[in-house]
Amino acid sequence: MKPPVVTFRNVTKVFNVGTPLEFKAIENISFSIEDIPDIGEFIALIGPSGCGKSTVLNLIQGFPEVWPPTFGEVLVRDVPVTGPGKDRGMIFQKYSSFPHLTVLENVLFGLQINAPEYGNQSTMTDRAMAIIKKVGLSGHEHKYPYQLSGGQQQRVAIARTLVLKPRIILMDEPFSALDEPTRIDMQQLITALWKEVEATVFIVTHSVAEAVYLGDRIFIFAPSPGRLVRQISVKPSDIGKEDAVSPLEVQEGPRFKAFLKSVTSDFLKIGEGKH
């Protein structure tokens, strides 16, 4: 039996310990994400602002600004996280492309700094061009980020992450800066790509509807300090997603609306301290 992809064991993170600015971001968080054969699980994290959702992602990634946890353990495949690794990729709210590099150069960057693991230049270019096509940016390979729309820039960020084939993808409010039609398009894109790359995905979002549509499981956090207080499983049949239809069609359906109403009610009660 394979070890869990990610495990949190009683994790607490306190910043600025021993100073007047001491702040407990998360407290006693525990969960385990199993390694599902052929496909990863999609975990959506929701909760009020300041409840530690991004801290959870940053601990999984092993960012020096957050690592290590003050108490508890963070494990990836039963191995303690000690820093960033190629098995984990991060996509942020702010577009993270290098402004002086073209789309192709941006996507190639991660491959090149890890060469020769990913083959010669020709092999890496072919791989980069393939993922650029998958994210819908064919014809834009030689453009710079400033020449792209917000949605296109986020597609570059997704391509830069997926080209390395990480086992874990961490997304911190990746679509919050986009208009609603573009956001819907990006939800459809990331769902299709997730099925292909077979990765475990964590997404932080302020949209309960987005969490319901994307998530296999929804983690609801309470604030001050951040605590994981509820986990909700979402089956495709719960929300009318079992048929191959667009996000908009799913989200306008009666099953989705009923499930969203239930999750929103839980979310609001937790925000009011009723949990």
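The values are calculated or read from the model by the stated rules, or taken from the named source; none is laboratory data. Since the model is a prediction, treat every value here as computed from it, not as a measurement. Using ideal geometry, Cβ is built from the backbone for each residue, glycine included, and neighbour counts are taken over all protein chains shown.
Here are some notes:
- Sole exception among (1) among the β-branched types (Val, Ile, Thr); (2) in a strand (DSSP E or B); (3) free of Cβ contacts under 8 Å to residues at least 24 places away in the same chain for Thr82, by number: (2)
- Of the set (1) under 20 Å from Glu173 (Cα atoms); (2) part of a helix (DSSP H, G or I), all apply to Ile203 but (2).
- Residue, surrounded by the fewest Cβ atoms within 10 Å (Cβ to Cβ), within the stretch 1-30, restricted to residues that are at positive phi and part of a strand (DSSP E or B): Asn10
- Members of the stretch 206-251 found to be of a type in the set (Gly, Ala, Ser), touching a residue at least 40 places away in the same chain (Cβ under 8 Å) and part of a helix (DSSP H, G or I), listed by number: Ala209, Ala211
- Count - residues of the stretch 166-196 that are part of a loop (DSSP other than H, G, I, E, B) and either modelled with pLDDT under 90 or acidic (Asp, Glu) (or both): 7
- Condition met for Val107 (in contact with a Leu (Cβ under 8 Å, 6 or more places away or on another chain) and touching a residue at least 12 places away in the same chain (Cβ under 8 Å)): no
- Extreme residue, nearest to Leu268 (Cα to Cα), among residues of the stretch 34-75 that are among the aromatic types (Phe, Trp, Tyr) and under 17 Å from the mean Cα position of the chain (by Cα): Phe42
- Ala199 meets the conditions (1) surrounded by fewer than 19 Cβ atoms within 10 Å (Cβ to Cβ); (2) at pLDDT below 95; (3) of a type in the set (A, V, I, L, M) in every case but one. The failed one is (1).
- Which listed residue is part of a helix (DSSP H, G or I) and either buried (at least 22 other Cβ atoms within 10 Å of the Cβ) or in contact with a Lys or Arg (Cβ under 9 Å, 6 or more places away or on another chain) (or both), from Gly110, Gly40, Gly89: Gly110
- Odd one out for Val74, checked against (1) part of a helix (DSSP H, G or I); (2) of a type in the set (A, V, I, L, M, F, W, C); (3) touching a helix residue (DSSP H, G or I) at 6+ places or on another chain (Cβ under 6 Å): (1)
- Pro116 more than 30 Å from Ser224 (Cα to Cα) and assigned to a loop (DSSP other than H, G, I, E, B): yes
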